[in-house]
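Accompanying notes for the structure given below.
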Amino acid sequence: MAHAPLRFRPMGDRSFLVELGDTISPDVNRRVQRLVLQLRQASLPGVREIAPGYRSLLVVYDPLTIAPAELKERITEVAARHGSAGLPPAKLLTVPVFYGGDYGPDLERVVGHLGISDDEVVRLHTETIYRVYMIGFTPGYPYLGELPAALAVPRRSTPRTRVPKGSVGIAQRQTGIYPVESPGGWQIIGWTPIELFDPSRQPPSLLEMGDRVKFEAVRQVEI
């Protein structure tokens, strides 16, 4: 299968973004995941950090060790080595969720916006197995997709300054879990007791790019 050529966008004087596609899709995201593994295996000189996203990856490098033009050429060569880095098997994590009430303070707002019942929101949210597209925002935060189109809602117009650890939120076609207390603008519909990030654990993040997540309703709190 033919893929779009890599595109390089400068991000300052010592990093650039490598774009592998124009759309957010499992196929493009798998290409990103595979290229990250290939680059880590290749151990290219001067590369200091590789940070993957939905459809791209950020490469931070030392320009005194390798020139950007040479590094781009080396990355393009690595990407062309088909099969040199097989993807690891994806884990499937079942996440218990308490929906509504104090656990999901935005569930009522979501119900009103969509014009469906709270039971239907919970059903739609739990019937999909989600892909972990990336980890970011805060340590261990999984960006999960894709949310059913029937559940697509905008972010909050005013983000909260404090979202409790374990909160489960939705926004557009994404859903996610807050591993630590932090600010946030997603619609919070539930809460889970699962510990997603523990710095004393190896690896610290319970989920990694490419893993799968299935939400399971423990009970629903009346709204």
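The values are calculated or read from the model by the stated rules, or taken from the named source; none is laboratory data. Everything numeric here is computed off the predicted structure, so don't read it as measured data. Because the Cβ atoms are built from the backbone with ideal geometry, glycine has one as well, and the counts that use them run over all protein chains shown. Surface accessibility is based on the protein's heavy atoms, side chains included, excluding ligands, DNA and RNA. Shrake-Rupley method; radii C 1.70, N 1.55, O 1.52, S 1.80 Å.
Given the conditions (1) out of contact with any helix residue (DSSP H, G or I) (no Cβ under 6 Å at 6 or more places or on another chain); (2) surrounded by fewer than 16 Cβ atoms within 10 Å (Cβ to Cβ), report the number of the one that Y130 does not fulfil.
Only one criterion in (1) out of contact with any helix residue (DSSP H, G or I) (no Cβ under 6 Å at 6 or more places or on another chain); (2) surrounded by fewer than 16 Cβ atoms within 10 Å (Cβ to Cβ) is unmet by Y130, namely (2).
Okay, residues lined up against (1) closer than 25 Å to V111 by Cα; (2) modelled with pLDDT of 95 or more; (3) in contact with a Leu (Cβ under 7 Å, 6 or more places away or on another chain):
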residue	(1), (2), (3)
P164	yes, yes, no
T175	yes, yes, yes
Y178	yes, yes, no
G184	yes, yes, no
T192	yes, yes, no
S200	no, no, no
R219	yes, no, no
I223	yes, no, yes
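May I ask you to verify whether G12 is modelled with pLDDT under 95, part of a loop (DSSP other than H, G, I, E, B), of a type outside the set (F, W, Y) and surrounded by 15 or more Cβ atoms within 10 Å (Cβ to Cβ)?
Taking the combined requirement at face value, the residue does not satisfy it.
Could you count how many residues in segment 53-103 are touching a Leu at 6+ places or on another chain (Cβ under 9 Å), closer than 30 Å to I188 by Cα and hydroxyl-bearing (S, T, Y)?
Here the count works out to 2.
Return only the number of the condition from (1) in contact with a helix residue (DSSP H, G or I) (Cβ under 6 Å, 6 or more places away or on another chain); (2) at positive phi that S43 does not satisfy.
Every condition holds for S43 apart from (1).
Return a yes/no flag: does segment 106-118 have any residue that is open to solvent by less than 50 Å² (accessible area, probe 1.4 Å) and under 27 Å from K91 (Cα atoms).
No, segment 106-118 contains no residue that is open to solvent by less than 50 Å² (accessible area, probe 1.4 Å) and under 27 Å from K91 (Cα atoms).
When you look at L35, is it among the hydrophobic types (A, V, I, L, M, F, W, C), in contact with a helix residue (DSSP H, G or I) (Cβ under 8 Å, 6 or more places away or on another chain) and open to solvent by 20 Å² or more (accessible area, probe 1.4 Å), yes or no?
No.
Please go through segment 169-193 and pick out each residue that is under 17 Å from I135 (Cα atoms) and open to solvent by 40 Å² or more (accessible area, probe 1.4 Å).
Those that are under 17 Å from I135 (Cα atoms) and open to solvent by 40 Å² or more (accessible area, probe 1.4 Å): R173, V180, E181, P183.
From the residues in segment 40-50 that are outside any loop (DSSP other than H, G, I, E, B) and at pLDDT 95 or above, which one is most open to solvent (accessible area, probe 1.4 Å)?
R48
Suppose the filter is under 22 Å from P89 (Cβ atoms), in contact (Cβ under 8 Å) with a residue 24 or more places away in the chain and among the charged types (D, E, K, R); does R173 pass it?
No: the conditions fail for R173.
With the condition kept exactly as written, say whether any residue in segment 54-66 is in contact with a Phe, Trp or Tyr (Cβ under 9 Å, 6 or more places away or on another chain), open to solvent by 40 Å² or more (accessible area, probe 1.4 Å), assigned to a strand (DSSP E or B) and touching a residue at least 12 places away in the same chain (Cβ under 8 Å).
Yes: segment 54-66 contains one or more residues that are in contact with a Phe, Trp or Tyr (Cβ under 9 Å, 6 or more places away or on another chain), open to solvent by 40 Å² or more (accessible area, probe 1.4 Å), assigned to a strand (DSSP E or B) and touching a residue at least 12 places away in the same chain (Cβ under 8 Å).
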